[in-house]
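Take a look at the structure set out below.
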Amino acid sequence: MSAISHHIPEPLMAAYAAGSLPRPYALVVAAHVSMCDACRATVAAHEVAGGVVLDEMVKAPVEEDLKASVLALLDAPVDPEPEPVKRSGVYPGPVMEALKGRPPRWKSLGMGVKQCILETGDTGSVRLLHIPGGRAVPDHSHNGLELTLVLQGSFSDETGRFGVGDVEVGDEDLEHTPVADDGPPCICLAATDAPLRFNSLIPRLLQPVFKI
Amino acid sequence: MLAVRDRQDRAAFGALFDYYAPRVKGMLMRKGCGHGQADEIVQDVMLTVWRKAAMFDPQRAQVSAWIFQIARNRHIDVIRKESRPMPEELAQEPDAEPDASQVLGMEQEAKQLKEALARLKPAQREMIEAAYLGELSHRELSEKTGLPLGTIKSRIRLGLDKLRHELKGMRAE
Ligand SMILES: [Zn+2]
């Protein structure tokens, strides 16, 4: 756990604590926080700040009978909360939750690279990537903000090495060629606010290069 | 809050309701809820405070921070009709006495944060409120929110380290 050296930037942490971070990024933050106590403390600190803001909030009176109806409901039976989904293998709880508790169903992108789309929608997309050692990480046209969290193995690029728990923050300005390090396949959780396009494009681009 | 958690004290819960319900409603209305919807969410939030009281840990959160989280999550559930990705919960040691110095430390840190907020110029203060009420996107938030969070982070980190240590001890037994 102490080996994590690339963390989530502060503005994203504040937005996560405030509840304004789009869901794909929020999933990466939740997964990283599950692995990183430094960032867990950062979220909690922002929540203390949120509590201070709540304390100082301009009060809006509630309906007169609201308190009585809440008090009357204190003993009402409630359905037990579903147990939070637990970590499984390299996948932290929030990722397992997005996988609905099942192992990922990989789709091949060619050259041993696989992906499993967890969610895609108006606010962006988030997926798992599986890259064999020595291979390049696909899709590096950063159209927006891209967060990549390493769950297994590692990758390296011009900016450094990213191991388990590390997060790389990519944007329009980042020009780089990440390559999975030799060893076990690198498994990453990647979120972006750009639409997913490369599903069929990448294998087609790779074909002439690798003669497949 | 501890009376609610440890003794299911209804009078204490009533006092908590009187203090927080109008503030939570203020927060929800600022987020754009109408009166009726805000009241409904306030009801859910206060019931959650009662039902989940056992999970409140004063070593890691202030009451206001804990209720802030519950209100934020419920608002996302209701308005965006999606759940919020949450980190794995750290297991709690069942009947560990909270460390009084840690709890006191948390209180002092929160008090200093409140004073820091009060000292800010109105425009800057308004920015911070907007940030924590979710009115600013991650792109609009800058590297510094203007609040000194460094010492409170270290304080919470201490609490986490202690918890990890205790959990390790439990597993070793
Ligand atoms: Zn971190």
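FYI, it's all coordinate maths here, none of it is from the lab. From a predicted model like this one, the values you see are computed outputs, not experimental measurements. Don't worry about glycine lacking a Cβ; one is built from the backbone with ideal geometry, like all the others, and counts go over all protein chains shown.
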Rounded to 0.05, the calculated FRET efficiency for the beta carbons of residue B:52 and residue A:182 at R₀ = 45 Å is 0.45
Using θ = phi - 60° and Karplus 6.51 cos²θ - 1.76 cosθ + 1.60, couplings along region A:107-114 (whole Hz; Gly, Pro as x): 10, 6, 10, x, 6, x, 7, 10
For residue A:100 and residue A:136, what is the calculated FRET efficiency with R₀ set at 35 Å and r taken between the beta-carbons, to the nearest 0.05? 0.70
What is the mean number of Cβ atoms from other protein chains located within 10 Å of the Cβ atom of each residue in peptide A:61-72, rounded to a whole number? 5
Chain B: relative contact order in percent, alpha carbon pairs under 8 Å with at least 6 residues between: 22
Over chain A, what is the relative contact order in percent, taking alpha-carbon pairs closer than 8 angstrom and at least six residues apart? 22
Run the quick spin-label model on residue A:119 and residue A:64: label points 7 Å from Cα toward the beta carbon, then report their separation in nm to one decimal. 4.3
First measure r as the distance between the Cβ atoms of residue B:3 and residue B:121, then evaluate 1/(1 + (r/R0)^6) with R0 = 45 Å and state the FRET efficiency to the nearest 0.05. 0.70
Indicate the helices, whole DSSP H runs only, in chain B that combine a mean Kyte-Doolittle hydropathy of -1.0 or more with a Cα extent along their long axis of 20 angstrom or more. B:10-30, B:35-51, B:63-79, B:100-119, B:150-172
Given pairs B:25/B:114; B:31/B:114; B:31/B:111; A:114/B:168; A:67/B:162 and cut-off 29 Å on Cα-Cα distance, the over-length ones are A:114/B:168; A:67/B:162
Between the Cα axis of helix A:198-210 and the main Cα principal axis of chain A, the angle (0 to 90°, nearest 10) is 20
Within region A:46-94, report the GluC sites (Glu not before Pro) that DSSP leaves as loop and that have at most 11 other Cβ atoms within 10 Å. A:64
Using modelled backbone amide H atoms (1.01 Å from N, in-plane), which distant-in-sequence or interchain residues come within less than 5 Å of residue A:109's amide H? A:114, A:115
Under 18 Å from the 7 Å Cα→Cβ point of residue B:77, by amide nitrogen: which residues of region A:97-133? A:97-98
What is the extension gain from residue A:107 to residue A:156, computed as 0.36 nm multiplied by their sequence separation minus the C-alpha to C-alpha distance, in nm to one decimal? 15.3 nm
